[in-house]
């Protein structure tokens, strides 16, 4: 696959050790860093000095923490391509993850696609696991699924529904609003079993909660952000029930067919499948 077919971007705010792990895993699996745009939201650790040593496509250094939505937009616009991969910086990538994402999307006429995930501690051999899981579940697809840890977005989507809401105080609600716009526009999405990431688990969000004196159970964003969706209580309730029911169907079907699912969490050294 030509590197010019895609661009990659992520935002970061401190947590340099996770950014290093993410980029090192990209290099290991042959990602051309000239296709990567990193947007730093005014980190005060060694993140910026580390990023300045890399041959990135572009490095954007914001004067303050402008939030995910602004940063994702900056990255997507700085290096435009047919497919833009928006992702977290607290992840480890696997072999052929980009090719498998985009090829699955094109094969199934999807405009937004996410990889499968293992979340939590990296206390297992992810290289071996992802190689076997990608082969085993290469035809598995959660049609209509998506998540914001990583999503490849076709350029037509930006023209159809626009970009992310550039409102810093949303503090992580940007993805919910974006997915709501995708649903309203009937844009086809999916999660594929052909590509896998390890996700340490919202490291930046956790750090920002700690900075603000919040517990990890608290919401980082404004508690009434849901009002921006302009949906009444009944609609939100029905949508939540529908989503949970679909997740159960996917989980049960995948367990029956593969003995695993596209979303796992490490719990006391074992996989808990969701």
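Structure notes:
- Members of the range 257-272 that are surrounded by fewer than 15 Cβ atoms within 10 Å (Cβ to Cβ) and either in contact with a strand residue (DSSP E or B) (Cβ under 7 Å, 6 or more places away or on another chain) or under 15 Å from residue 193 (Cα atoms) (or both): 257, 259, 272
- Search result, residues across the range 27-59 that are without any contact (Cβ under 8 Å) to a residue 12 or more places away in the chain and touching a helix residue (DSSP H, G or I) at 6+ places or on another chain (Cβ under 8 Å): 27
- Checked against the criterion of being farther than 17 Å from residue 90 by Cα and free of Cβ contacts under 8 Å to residues at least 40 places away in the same chain, the candidates 144, 162 yield just one match: 162.
- Which numbered condition residue 68 misses (of (1) under 21 Å from the mean Cα position of the chain (by Cα); (2) within 19 Å of residue 91 (Cα to Cα); (3) modelled with pLDDT of 95 or more): (3)
- Flag for residue 63 being closer than 22 Å to residue 46 by Cα, modelled with pLDDT of 95 or more, in a helix (DSSP H, G or I) and more than 13 Å from the chain's Cα centre (by Cα): no
- Check on residue 116, touching a helix residue (DSSP H, G or I) at 6+ places or on another chain (Cβ under 8 Å), at pLDDT 95 or above and loosely packed, with under 14 Cβ neighbours inside 10 Å: no
Results for (1) at pLDDT 75 or above; (2) within 15 Å of the chain's Cα centre (by Cα), shown as yes or no for each residue.
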{"position": "170", "(1), (2)": "yes, no"}
{"position": "173", "(1), (2)": "yes, yes"}
{"position": "191", "(1), (2)": "yes, yes"}
{"position": "202", "(1), (2)": "no, yes"}
{"position": "208", "(1), (2)": "no, no"}
{"position": "213", "(1), (2)": "no, no"}
{"position": "221", "(1), (2)": "no, no"}
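- Of all residues in the range 83-107 being farther than 19 Å from residue 164 by Cβ and touching a helix residue (DSSP H, G or I) at 6+ places or on another chain (Cβ under 6 Å), the one that is surrounded by the most Cβ atoms within 10 Å (Cβ to Cβ): 93
- When residues of the range 119-141 are limited to those that are surrounded by fewer than 19 Cβ atoms within 10 Å (Cβ to Cβ), in a helix (DSSP H, G or I) and in contact (Cβ under 8 Å) with a residue 24 or more places away in the chain, the one farthest from the chain's Cα centre (by Cα): 136
A quick yes/no check of all residues on (1) within 25 Å of residue 178 (Cβ to Cβ); (2) out of contact with any helix residue (DSSP H, G or I) (no Cβ under 8 Å at 6 or more places or on another chain); (3) without any contact (Cβ under 8 Å) to a residue 60 or more places away in the chain; (4) in a loop (DSSP other than H, G, I, E, B):
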residue	(1), (2), (3), (4)
7	yes, no, no, no
10	yes, no, no, no
14	yes, no, no, yes
19	yes, no, no, no
25	no, yes, no, no
69	yes, no, no, no
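The values are calculated or read from the model by the stated rules, or taken from the named source; none is laboratory data. Given the structure is predicted, the values throughout are model-derived calculations rather than measurements. Cβ atoms come from the backbone with ideal geometry, glycine included; neighbour counts cover every protein chain shown.
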